[in-house]
Amino acid sequence: MARVGNGGLVSVDPKFAQGNLFGRHLRLALRRATPAEASHGLLVWPPWKRRLCIGTFAGLKRPFGQGRTTSMTLDVSTLLIVFAGAACGGFVNGLAGFGTALFALGWWLQVMPPATAVPVVLAMSVIAGLQGVIVVRGAIHWPRLLRFLIPALLTVPLGVALLPHVDARPLKLVIAAFLVLYGAFFAFRRDLPEITRPTHAIDVAIGAASGFIGALAGLSGALPTMWASMRTWGKAERRALLQPFNVVILAVSFLGVAVTGGVTREVLITIAVALPVTLLSAQVGLLAFARLTDDQFRRLLILLMLVSGLVLAVRELV
C-alpha cells in the first residue's frame, strides 16, 4: 500500500493509484518521478506533503464502512485551528457569497489530510451558502441563473471523466494569473466596466466553462464572479446569481465525494465540530454584507479575486 522509509521515501503500490480518492495525486507524483523510482513505486515526497498524506493513506487502507483509521487528533490546538478555519471561511462566505475554501483550507490542511479537508470544506460551503441564498432569494432571476447553472451541470461529468488523465496544475496556474491580472487592473480603478446589453450566449458559455473547470480544478466560481463584477447589477442581483450557482455546484461535488466513499467518520466528526462556528461566522458576514453599498460590494468581489489568484498561485508553486 504505502509506507514511509528513511529520507522521506514513500513506497506505494502503483495499483493503489488507480481507483481511490487520492489516486490522482499518486499518479501525478509517479509521472514526475524518475524511471527507476516510478518502476518500483517509490516517490520522493517533500516533508510537508508527507505529513499531510500519510494519514490519508492510513485511512484508505480499508473499504468504506470498515473502520478507517483517523489521522487527526482533536486536541485543543487542533480544535483551535479547525475553529479558525471555520470562522474565516464562514465569515467570507457570508460577506461575499463565496470563498470558504480559499480562507478555510489554509488552516485546515495544517491538521488534516486533503482527503478529509476537501469534503469538509465542500459541506461548510454549501451550509454557509444556503444562509446567503435565503437572504437574497427575492432577487434571484431564475432565467439568468439557469443560463449559467444548466450548462455547468452538463459539463461537470466531462471534467470528472478527464480528471484522472489531466494534470490540473497548469490550468490552475492560468486561472490564477487571470484572476491576479483582472483583480490588479480593476481593484483600484475609479471607473469599473459596465456591461448593460443582454449577453445570453456568453452567460451559457461561462456556465459551461465553469462546470468543466470546477470538476477539473475546483474553481467553478471564478468565471461567474468575474463576469458578475462587470455587470451593472446591484449587490443583491450579483449575489443572487453567484451564491445559488456555487451552492448547487458544490453540493453536486459533495455528493460525488460521498458516492466514492470519501465521506468518512473523520469527515463527519470534523463537520460537526466546524458547523456551529461556520454558521455563526456566516451570520456575522451577512450582517457586514447588509451594510455594503452596491459599489462597495462590487469592489469587494474584484479585490477577493485578486487575493484568490495570489493564494492559488502560491499554493500551486510552493
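The values are calculated or read from the model by the stated rules, or taken from the named source; none is laboratory data. Only a predicted model underlies this, so the values are computations on that prediction, with no experimental measurement involved. Using ideal geometry, Cβ is built from the backbone for each residue, glycine included, and neighbour counts are taken over all protein chains shown.
Observations on the structure shown:
- First in the range 75-92 and in contact (Cβ under 8 Å) with a residue 60 or more places away in the chain and part of a helix (DSSP H, G or I), second anywhere and charged (D, E, K, R) and loosely packed, with under 14 Cβ neighbours inside 10 Å, Cβ under 8 Å, 6 or more apart: none
- For SER220, the stated conditions hold: it is surrounded by 16 or more Cβ atoms within 10 Å (Cβ to Cβ), among the hydroxyl-bearing types (Ser, Thr, Tyr) and at pLDDT below 90.
- Checked against (1) surrounded by fewer than 20 Cβ atoms within 10 Å (Cβ to Cβ); (2) closer than 19 Å to ALA117 by Cα, GLU237 meets all criteria but (2).
Yes or no, residue by residue, for (1) under 21 Å from PHE289 (Cα atoms); (2) touching an Asp or Glu at 6+ places or on another chain (Cβ under 8 Å); (3) free of Cβ contacts under 8 Å to residues at least 12 places away in the same chain:
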residue: GLY207; (1), (2), (3): no, no, no
residue: GLY214; (1), (2), (3): no, no, no
residue: ALA222; (1), (2), (3): yes, no, no
residue: LYS235; (1), (2), (3): yes, yes, no
residue: PHE254; (1), (2), (3): no, no, no
residue: THR260; (1), (2), (3): no, no, no
residue: LEU268; (1), (2), (3): no, no, yes
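- Exclusive hit being at pLDDT 95 or above and either touching a strand residue (DSSP E or B) at 6+ places or on another chain (Cβ under 6 Å) or hydroxyl-bearing (Ser, Thr, Tyr) (or both), set SER281, SER253, SER308: SER281
- Selected residue (only one of LEU79, LEU102, LEU158, LEU162 is touching a Leu at 6+ places or on another chain (Cβ under 9 Å) and closer than 26 Å to ALA282 by Cα): LEU102
- Taken over the range 216-249, the residue count meeting the criterion of being assigned to a helix (DSSP H, G or I), among the hydroxyl-bearing types (Ser, Thr, Tyr) and within 15 Å of the chain's Cα centre (by Cα) is 1.
- Residue ID - surrounded by the fewest Cβ atoms within 10 Å (Cβ to Cβ), chosen from residues in the range 164-206 that are under 14 Å from ALA228 (Cβ atoms) and among the acidic types (Asp, Glu): GLU194
- Condition check for GLY261: within 19 Å of ALA117 (Cα to Cα) and not in a helix (DSSP H, G or I): yes
- Leading residue by the ranking (farthest from LEU306 (Cα to Cα)) among those in the range 158-193 that are of a type in the set (D, E, K, R) and assigned to a helix (DSSP H, G or I): ARG169
- Qualifying residue in the range 112-132 (condition: crowded, with 17+ Cβ neighbours inside 10 Å, at pLDDT below 95 and not in a helix (DSSP H, G or I)): yes
- Some residue of the range 241-263 being in contact with a Lys or Arg (Cβ under 7 Å, 6 or more places away or on another chain) and not hydroxyl-bearing (Ser, Thr, Tyr): yes
- Residue within the range 101-111 that is closer than 22 Å to ILE213 by Cβ and touching a Phe, Trp or Tyr at 6+ places or on another chain (Cβ under 9 Å) present: yes
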